[in-house]
Amino acid sequence: MFDQGEVAVVRWPGQAPSVEKGLSALLAAYHLRTEAEKGESATEISELPDKYRAEVSDPRTAFIDDAVLVAVSGDTAVGCLVVTAAADGRSEIKRLWTDPGFRSRGVATRLLEAALAHAADSGVGTVRLSVWRWRTEAIALYERIGFVITDSWDHREHLVCMQLTV
């Protein structure tokens, strides 16, 4: 556990049931917001694409091979991030989300720092991520951490690909 004041970052699973429920709520908020930003009409979990609905309903299975980091305040999950299992010396960061009520408190930065430490401990040489172009605050955060924009490995329109050598 990485404790920094009011918010701690823990590796999930193995945490209290409230953290698991909180993780599902964070993933739901992330996916619903993303779909809205892309102009999709999903306003309920049942309207999300199958893959995203599966992550929300059963994150333990959806991320079975990955490291899931959850930021908690007390027993409330306030942020999350997934680090994919290493493949070819690389991992990918996915699903970084902070509850809006906990933004501007360093939660995302702590999650990223914990993810990079996990990647380094796992022998990963490169960590990559993709982010929607309109998420300028997230892009600025990634750049402050040291990520740089790179050639795309995912050719969806409006997606920015970034990477960092660990």
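What follows draws every value from the coordinates through simple rules; no lab data is involved. Note that the coordinates shown come from a computational prediction; the quantities given were computed from them, not determined experimentally. Here Cβ is always computed from backbone atoms with ideal geometry, including for glycine, and neighbour counts include all displayed protein chains.
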Among the residues listed as Trp132, Trp97, the single one being surrounded by 19 or more Cβ atoms within 10 Å (Cβ to Cβ) and touching a strand residue (DSSP E or B) at 6+ places or on another chain (Cβ under 9 Å): Trp97
Residue within region 73-89 that is of a type outside the set (A, V, I, L, M, F, W, C), crowded, with 22+ Cβ neighbours inside 10 Å, out of contact with any Gly (no Cβ under 6 Å at 6 or more places or on another chain) and over 21 Å from Ser152 (Cβ atoms) present: yes
Count of region 91-145 residues which are under 23 Å from Gly22 (Cβ atoms) and among the hydroxyl-bearing types (Ser, Thr, Tyr): 3
Total residues in region 54-109, condition under 19 Å from Val10 (Cβ atoms), out of contact with any Phe, Trp or Tyr (no Cβ under 9 Å at 6 or more places or on another chain) and among the acidic types (Asp, Glu): 4
Residue list for region 38-92, restricted to those being part of a loop (DSSP other than H, G, I, E, B), touching a residue at least 24 places away in the same chain (Cβ under 8 Å), of a type in the set (Gly, Ala, Ser) and more than 16 Å from Ala117 (Cβ to Cβ): Gly89
Any hit, region 101-114, residues being of a type in the set (D, E, K, R) and assigned to a strand (DSSP E or B): no
